[in-house]
Every structure is written in structure tokens, then in C-alpha cells.
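Peer 1: Please read through the structure below; I'll follow up with questions.
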Amino acid sequence: MNTGQWDQMLSSFGDMALMLAKYRDELLKQGFERQEVLRILIGWQSIILGNNKESR
């Protein structure tokens, strides 16, 4: 992996983190409990990253 590819990958991780933080904040505003929000976000992230056994 060259430097440009590495930078692009790190940038995409940052973008995903910002998106998840916004989604978290919106779920909390809607009245979801913090534990449930974390379960939702972890499940969604697992699917996106391909680490979810159910998605295979």
C-alpha cells in the first residue's frame, strides 16, 4: 500500500467515525437509551466492515 492509499484509507475511517457520531447523537435525541444506541452502532459498523456473521 502506498502513501496515497494509506492516507485515503485513514481519511475514510475518519469520515465513518464522524458519520457514526452524528447518527449516535440523533438516536440519543430521539430517546434511545445509550446501551441500545451502542448496540445499533456496533451492529451497523460490523455489517459495513464485513465482520457480521449474519451478513455472510
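Peer 1: Do we find that Asn51 is polar (S, T, N, Q) and either touching a residue at least 40 places away in the same chain (Cβ under 8 Å) or surrounded by 10 or more Cβ atoms within 10 Å (Cβ to Cβ) (or both) in this structure? Talk me through it step by step, then tell me what you get.
Peer 2: Working: polar (S, T, N, Q): yes; either touching a residue at least 40 places away in the same chain (Cβ under 8 Å) or surrounded by 10 or more Cβ atoms within 10 Å (Cβ to Cβ) (or both): yes.
Criteria met by Asn51.
Peer 1: A follow-up question, please. Quick one: count up the residues across region 1-50 that are touching a helix residue (DSSP H, G or I) at 6+ places or on another chain (Cβ under 9 Å) and not in a helix (DSSP H, G or I).
Peer 2: Result for region 1-50: 2.
Peer 1: Is region 34-44 home to any residue that is more than 13 Å from the chain's Cα centre (by Cα), exposed (fewer than 10 other Cβ atoms within 10 Å of the Cβ) and polar (S, T, N, Q)?
Peer 2: Yes, the conditions are met somewhere in region 34-44.
Readers should treat all values here as calculations from the given coordinates under stated rules, not as data from a laboratory. Fair warning: this is a prediction, and the values are worked out from it, not measured in the lab. Methodologically, a virtual Cβ is constructed for each residue, glycine included, from the backbone with ideal geometry; neighbour enumeration extends over all protein chains shown.
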